[in-house]
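Right, one structure below, let's go through it.
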Amino acid sequence: CRKCKRFPADHNRKNASAVVYDEEIENKRKIITAAIRIDELERRLKELKAQQGIKTLELIKVEAFTKPVSDYTNCFKLDRDHNFVDFDRVVDECVSIIYEQLPRETTGVAYRVPPLTLTRFARGGKTATLSGVFDKLKSDGLVKPILISFNGNGPVAFQRRDGETQSQSILRLIAAQLVDFTPEQAQNLLVDRDALDLHLGDDVVLLVDELNVLGAPLDIDAAALLLRMFVDKAGRFLVFTSHYPVSIEANANGNIPPNCRGVSIVDMSQANTLSELRGMSTAFESLTEESAAWLGYIPSLVYCTMKDVGKPGVITPSDRFMTMNIIVDPFNRLDVLQRFVLELLCGERDPVVSQYFGAFASIGRNHLVSYPLCYVQEIFKKFRSLHNAIMMLLNILNKLDTHLSSSEQHSELAWESTVEVAIILRMLTAHWFGDVFPFIEVPSGIKPQLAFRTLPDECDTLEKAKDHMDSVIAEYNTPTLIYVVSANARFPQVEGFLIYTSGSVTSAKTMGFQMKSSNLKPCKDMDTNVINGGAVLIRGYDIEEDRQEPKCGWNYMTSEQVRDFLGNSLLLAMPRHWL
């Protein structure tokens, strides 16, 4: 037709629409057919159950309760086959907060009672702590603790009933120990909220394990239920654990920012010395500094990872990370990476990063986020193709990871690796955001390119290294930060070099760096005629205790400077005797 000749695209579009319409009809037919088949299968299943004498349990409405709240028992059995580290301190702090907040009530905007939350990755000690809090409250006899769990594993594995709301799940689990029903019947309880509220009375503390499993975020009704029954009311209090932050305020009051109420947080268990971890049981007597640093000196993580190391079936942090099957949006990978690096350094929680990796972080009393090195490695693997700096980071972390399973001992490796990671993270923030680099001066506002070079084996003296680095510098005609290490040659004074060049060999500044986890100091001056920026010593040892003047050409970083340089997450890998 004339129209089709003039507007052939319209003609093609019309034919395409017909095809789409036909496909729609066919898809609907398939859906209807499948639904009919499902109905038929369900009907047949009921018939088979009836023939075999299997009864389908109906919902049991609960409006009265036969047992007092004081009869509630601990649904967890703690594994006491080892000594707990820093456990009593955490439990005591939790109980102290409970007793402080229990008499208080929310009074509009003047005061909102903050619930207590324990937030850490899987196998971080949350459930054991919650169980310990229950036992402590029970033995004190001042309040009536209730412990429920949304954990899908273990002897009290939670299963959500088909069509059950989050609120109904909460009420059902609370009521399960207050009525005389079998476990099968308890799965079908439909609990009257007001009747349960009345039965609970005063001085009740609800302890909830893995609230994030129920919903993250919680729906409005569930959030409002927890606030009304256990947070805002005097004589009630809420404690919950989660793999990542769960806000109940933001959902119950959609127009209120999530941080307006806040939460109470305690620092989860943390070993202060290597000997504490070795003292957990005879299985850890040979635990190395490297392994402790790799696992962040976190007792529960060390226990779960190392107790059966080498045996079949042991789940490593890498295994646990892989089971999550995290896929980062390919269009936002650089943005997520940049946010993650900033979170590692400053510790301020980023909701975008938390969306992907929050289940592998820990949040302390200061509300700062930290990640142990074992999970930092796994997360960086998601971004290995984005920047050569990430490949360099992974080389360092993989070397440390591989060393953990070898019989060779190298007491300095954990500290050296930690410092190298911190240097590269700081290089990235200088490159992306123009941040000030800690020990080599980069002009304000400059965002230098990054380069990573390796000295050849024949560069076994500082003089030979300088000649080679001068030739390297000549290759760059734009502002560049260059990280230089030697694969084999070990100089007596430094581990590596940092160079900043604006694009000219004559204006380039070169600085050496040395890291020691002990109180060892350089024994020689640094020849600034060879290394014009001198050298910096980064030690895992309190420099304030050292009264000896530094050698010429050396800068000794103070303990505060080292802490700031490492950033929040890498502090977990810092030798504990220096913290």
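The values are calculated or read from the model by the stated rules, or taken from the named source; none is laboratory data. Because the structure is predicted, anything quoted here is derived from the model rather than measured. Note: ideal-geometry Cβ built from the backbone for every residue, glycine included; neighbour counts use all protein chains shown. We work out accessible area using only protein heavy atoms, side chains counted, and drop any ligands, DNA or RNA first. Shrake-Rupley method; radii C 1.70, N 1.55, O 1.52, S 1.80 Å.
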For the pair ASN477 and ALA283, the simple spin-label estimate (label points 7 Å beyond Cα toward Cβ) gives in nm 6.2
Share of accessible surface on carbon and sulfur in segment 464-514, whole %, 1.4 Å probe and ligands ignored, is 50
Heavy-atom accessible area of segment 303-445 with neighbours in place, 1.4 angstrom probe: carbon+sulfur share in percent works out to 52
Between the alpha carbon centres of segment 196-212 and segment 430-489 the gap in Å comes to 59
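Report the percentage of all Cα-Cα pairs in segment 370-488 whose separation exceeds 24 Å, rounded to a whole percent.
Working: 2503 of 7021 pairs.
Here the tail beyond 24 Å accounts for 36 percent of pairs.
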Projected onto their principal axes, the Cα atoms of segment 318-381 stretch, largest extent first, over whole-Å spans of 31, 26, 16
To the nearest Å², the heavy-atom accessible area per residue of segment 438-482 with 1.4 Å probe amounts to 54
Length gained if GLN355 through ARG161 is fully extended, taking 0.36 nm per residue and subtracting the Cα-Cα distance, is 67.2 nm
Rounded to whole angstroms and listed largest first, the alpha-carbon spread of segment 150-203 along its three principal axes comes to 31, 22, 20
The pairs in LYS67/LYS138; LYS466/LYS516; LYS464/LYS551; LYS466/LYS509; LYS136/LYS233; LYS399/LYS516 lying past 20 Å Cα-Cα in this model are LYS466/LYS516; LYS464/LYS551; LYS136/LYS233
A 1.4 Å probe over the protein heavy atoms gives segment 76-181 a carbon and sulfur accessible-area percentage of 48
